[in-house]
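Written below as structure tokens is the structure these notes are about.
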Amino acid sequence: MRNTKFCNIRFNLDNPIHRKAWEYLRTMDRSKYKSYSNTVINAINAYFENEYSSNSNETEWEKQLDKRIMSAIKKGFTDVISTNITERIFNNDNPELAADDIDWDFLGDTESDIEK
């Protein structure tokens, strides 16, 4: 006796997702897809293999993406801050950009290193 399991699939044609799947099966190229069973089996296997394998890969990929984004943001933020501070220090022509207006506390305890 063959080792075969049977499973019935019902398509509710009032449900758009079911109708779409039924239309795919009904209009599939029979020279390429020989049977409904093999087509459904291949689709199920591809779906779950993709889902199971992508969970760990996406998580690692997302972590790497997060690191790259944060690195770019930090670099951009550092560039903007340093440019702004440099403009305030060396642009004495513009009273709006006075070095005395900079809150140097963000640097820590460096009050003695900064000339006013």
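Give the residue, chosen from R19, R68, R10, that is of a type in the set (K, R) and either under 16 Å from the mean Cα position of the chain (by Cα) or at pLDDT below 90 (or both). One residue alone meets the criteria, R68. A Cβ distance below 9 Å, combined with a sequence gap of six or more or placement on separate chains, defines the contacts here; from the stretch 72-84, residues that are assigned to a helix (DSSP H, G or I) reach residues that are surrounded by 10 or more Cβ atoms within 10 Å (Cβ to Cβ) in the pairs N84/L97; N84/I102.
Among residues of the stretch 28-65 being of a type in the set (K, R) and at pLDDT 85 or above, the one that is surrounded by the most Cβ atoms within 10 Å (Cβ to Cβ) is K34.
The values are calculated or read from the model by the stated rules, or taken from the named source; none is laboratory data. Just so it is clear, the model here is predicted, and its values are computed rather than measured. Don't worry about glycine lacking a Cβ; one is built from the backbone with ideal geometry, like all the others, and counts go over all protein chains shown.
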